[in-house]
Structure formats: C-alpha cells, structure tokens
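Trainee: Would you mind keeping the following structure in view while I ask a few things?
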Ligand code: SAH
C-alpha cells in the first residue's frame with residue numbers, strides 16, 4: 001500500500017507538530033540530514049527524546065525509497081530509480097567527474113510537460129513536480145550510497161539539474177532545494193547548474209528574486225533558427241531567440257559576475273541541426289547574447305525517436321566553426337550509456353519505469 005503524499009514540507013510538518021520548539025531545533029535537524037553521521041531519527045542525538053519520538057512517528061527521514069540501482073560497466077556512473085511516497089518512479093544519476101569527485105544529476109519533476117521531440121522524458125508527459133524535500137533527498141540518497149562504499153571517493157562536488165523535468169516549471173521547489181544544499185553541504189554555488197529549456201517568464205522572475213541563488217544557468221538552445229527550434233522544441237515561443245538574447249543582457253546587467261554566467265547547450269542531431277550553416281547561425285546568435293559559452297551535446301539515441309547521433313567528423317567540424325568564431329566550446333562526455341544514464345535520457349525504458357508508475 002502506498003503512503004499518502006504530504007504536500008507539506010518536512011519543515012512545515014515539524015512546525016505544526018512542535019509549534020513551541022525554538023527555531024534552532026529545526027536547524028539541528030537539517031544539520032543532521034547532511035552531516036553523514038545519522039542514518040535515521042534515532043541517531044539525531046541533539047534532539048530531546050520527546051521531540052525525537054514525535055518526529056520519528058510523523059516525519060519522513062527520507063522522502064524517497066530506493067527501487068533499483070544500476071552500475072555502469074563502462075564508466076564510474078550509477079543510476080538509481082527512486083520511488084516517491086505516492087508510488088511514482090523517477091531517476092537520479094551519480095557520475096565521476098574530471099576532478100575524481102562526483103557530480104549528481106537530479107530530477108526536478110516526474111516526467112515533463114515540454115515534450116521536446118528528441119527527449120525520452122517528454123514522452124511520459126508530466127506526472128507531477130517533485131517537492132523540495134524530494135529534490136534535496138536525491139543528494140542525501142547518493143551521500144549514503146557513497147558512505148556505504150568507503151573504497152571510492154566520497155565527495156559530491158557538483159549538482160546538475162539535467163535529469164527528468166523542467167526545473168523552471170518547478171521554480172520554488174528547485175530554489176528551496178538549492179538553498180538547502182548551499183547551506184548544509186560544501187557544494188559551492190558555481191558547482192550547481194540549472195539546465196532549462198528557457199521558460200522566459202521564469203527566467204525573468206529570477207532576475208528580481210532576491211532569494212535566487214547564484215548558480216549557473218544552462219539554456220537548452222539546440223537551434224539558433226526560430227522555425228527549426230520550434231520543430232525540435234514545441235514550447236518555443238514567438239521571437240524566442242530575440243527575447244532570449246535580450247534576457248541574457250538583462251541577466252548580465254542585473255546579476256552578472258563570475259558566478260552568474262549562462263551556457264548554451266546545443267544537442268547535435270544528425271542531419272537535423274548539425275550542418276555548417278547551422279554552426280555559423282549559432283555563432284552569430286551567441287555573439288548577440290551576453291555569453292560566449294557553448295556546450296555541445298552528442299545525442300544519446302532514444303528508442304522510437306527518429307533521431308541519430310551526429311558523426312564524429314561532423315561534431316568536430318561543428319565545434320571548429322564555433323571555436324574559429326571565438327567562442328568557448330566544450331563537449332559533454334557521454335557517461336553510462338549501457339545503463340541509459342545519460343542526463344536527459346533518464347527513465348522510460350518501458351521495463352524500468354513507465355509501466356510501473
Ligand atoms: N528540461 C531541462 C533539463 C533537461 S535534461 C532542459 O531542457 O534543459 C538536460 C539536457 O539534456 C538538455 O539540454 C536536454 O535537451 C538534453 N537531452 C535530452 N535528451 C537527450 C538525449 N537523448 N541525449 C542527449 N541529451 C539529451
């Protein structure tokens with residue numbers, strides 16, 4: 001039997017249960033969530049016994065349960081399927097990064113409403129947004145996963161919102177989760193990246209939000225041609241590219257510093273958006289924005305989708321044009337292909353998630 005989902009956050013539940021407890025009490029609890037010593041409420045020795053027993057009965061130590069963990073044979077990558085209290089499944093990934101530490105790829109929603117044509121998650125539609133505790137607990141899940149494996153590096157140094165869902169369509173919960181990590185873990189704000197399809201109203205919102213943390217933003221561009229982008233990404237609004245370039249300048253003016261820079265992601269789809277003219281069009285667009293950073297992504301083919309990965313030669317030529325245009329180009333490494341762990345390609349092998357949710 002599934003337990004009913006509480007829409008209250010753990011903090012709100014605590015405040016309802018213990019309205020007269022001092023405010024530092026909840027901070028003690030949040031500290032225990034992240035200090036790596038406690039495996040459950042019983043280990044939170046800073047709490048008086050009566051409080052500990054009360055929270056043990058009523059508040060979840062972990063809002064997600066482990067359904068399955070996959071281990072990639074090709075690279076140091078793990079993928080977990082987690083289960084929410086209302087019986088839904090979603091994925092999160094742990095990948096070794098260039099510093100030998102770990103990057104976690106987190107989901108912000110179960111499914112996604114954006115329906116990008118190439119994306120596996122989009123085929124599910126949107127089931128629901130994740131609560132901030134469920135986002136936070138993806139980090140805590142991997143923290144205890146690593147703790148159980150003392151032979152490997154323990155440190156999670158980066159978080160990317162590149163799992164299931166559109167983080168800007170779950171703005172408040174994503175923001176709360178990030179603020180929690182920034183307060184209680186040693187992850188710096190420049191080591192957290194929110195990847196978005198580019199919901200302009202939400203991008204505008206963060207410009208005037210004093211609580212928006214100084215994390216990195218990555219925009220999934222995938223085409224610098226308005227019509228083509230709309231074919232690939234159906235949520236593309238009229239004049240998207242012009243409006244996005246305008247936003248990028250306002251972003252740089254309002255928040256611009258080393259911490260707040262924007263990267264443009266460009267997924268290369270064979271013979272769809274990987275031509276030399278498209279590279280030139282992209283270079284021209286990027287020059288009209290406030291940033292010069294492009295992250296080129298080789299496509300991880302999704303079953304039943306009519307797209308293929310671009311040829312290596314083509315990827316190199318495409319990148320070369322951007323480099324010659326003076327742009328800062330990086331290419332995303334493919335990780336854990338054998339366990340379908342690549343970011344943005346989460347879930348949806350039928351066996352794994354869809355049929356069970
Ligand atoms: N909704 C957010 C997060 C999506 S996943 C966004 O649109 O940015 C993060 C990145 O992976 C996005 O750039 C997305 O377009 C890309 N992606 C999705 N499916 C992919 C696939 N099969 N192969 C490679 N990248 C993919």
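Trainee: Determine which member of the set 7, 47 is outside any helix (DSSP H, G or I) and either within 22 Å of residue 88 (Cβ to Cβ) or assigned by the TED database to the domain that holds residue 146 (or both).
Mentor: Going through 7, 47 in turn, just one is outside any helix (DSSP H, G or I) and either within 22 Å of residue 88 (Cβ to Cβ) or assigned by the TED database to the domain that holds residue 146 (or both): 7.
Trainee: Only one residue in 66, 99 is in contact (Cβ under 8 Å) with a residue 12 or more places away in the chain and surrounded by fewer than 13 Cβ atoms within 10 Å (Cβ to Cβ), so which one is that?
Mentor: Only one candidate passes the filter, namely 99.
Trainee: Could you list, in sequence order, the residues of region 288-297 that are more than 18 Å from residue 196 (Cβ to Cβ) and in contact (Cβ under 8 Å) with a residue 40 or more places away in the chain?
Mentor: Passing the criteria: only 288.
Trainee: Looking only at residues in region 127-151 that are over 19 Å from residue 175 (Cβ atoms) and in contact (Cβ under 8 Å) with a residue 24 or more places away in the chain, which one is farthest from the ligand (Cβ to nearest atom)?
Mentor: For region 127-151, the residue satisfying everything is 147.
Trainee: Based on what the data block shows, is residue 122 closer than 22 Å to residue 219 by Cβ and within 15 Å of the ligand (Cβ to nearest atom)?
Mentor: So residue 122 fits the description; yes.
Trainee: Go over the candidates 347, 272, 353 one by one and state the one that is more than 12 Å from the ligand (Cβ to nearest atom), under 23 Å from residue 113 (Cβ atoms) and modelled with pLDDT under 90.
Mentor: Going through 347, 272, 353 in turn, the sole match is 353.
Trainee: In addition: Only one of these is in contact with a helix residue (DSSP H, G or I) (Cβ under 7 Å, 6 or more places away or on another chain) and in contact (Cβ under 8 Å) with a residue 60 or more places away in the chain: 196, 185. Name it.
Mentor: Exactly one residue qualifies, and that residue is 185.
Trainee: Output the number of the condition that residue 266 fails; it satisfies all remaining conditions of (1) away from the ligand (no atom under 12 Å from the Cβ); (2) touching a strand residue (DSSP E or B) at 6+ places or on another chain (Cβ under 6 Å).
Mentor: Failing condition for residue 266: (1).
Trainee: Then there is this: Going by the conditions given, is residue 117 within 15 Å of the ligand (Cβ to nearest atom), crowded, with 24+ Cβ neighbours inside 10 Å, outside any strand (DSSP E or B) and at pLDDT 95 or above?
Mentor: Here the answer is no, as residue 117 does not meet what is asked.
Trainee: Let me ask something additional. If you take the residues in region 279-302 that are assigned to a loop (DSSP other than H, G, I, E, B) and more than 19 Å from residue 314 (Cβ to Cβ), which one is nearest to the ligand (Cβ to nearest atom)?
Mentor: 302
Trainee: I'm trying to understand the selection: among the residues of region 44-55, which are surrounded by 13 or more Cβ atoms within 10 Å (Cβ to Cβ) and either touching a residue at least 60 places away in the same chain (Cβ under 8 Å) or over 30 Å from the mean Cα position of the chain (by Cα) (or both)?
Mentor: Matches in region 44-55: 46, 47, 51, 52, 53, 54.
Trainee: Sticking with this structure for a sec: Mind listing just one residue for me: the one in region 120-163 that is assigned to a strand (DSSP E or B) and in contact with a helix residue (DSSP H, G or I) (Cβ under 7 Å, 6 or more places away or on another chain) and, of those, surrounded by the fewest Cβ atoms within 10 Å (Cβ to Cβ)?
Mentor: Per the stated criteria, the residue is 157.
Trainee: Is it the case that some residue within region 206-221 is more than 15 Å from the chain's Cα centre (by Cα), within 12 Å of the ligand (Cβ to nearest atom), in the same structural domain as residue 107 (by the TED database) and in contact (Cβ under 8 Å) with a residue 60 or more places away in the chain?
Mentor: Checking region 206-221: at least one residue is more than 15 Å from the chain's Cα centre (by Cα), within 12 Å of the ligand (Cβ to nearest atom), in the same structural domain as residue 107 (by the TED database) and in contact (Cβ under 8 Å) with a residue 60 or more places away in the chain.
The values are calculated or read from the model by the stated rules, or taken from the named source; none is laboratory data. In this text, all values refer to a predicted model and were calculated from it rather than measured experimentally. Positions of Cβ are backbone-derived with ideal geometry, glycine not excepted, and every protein chain shown enters the neighbour counts.
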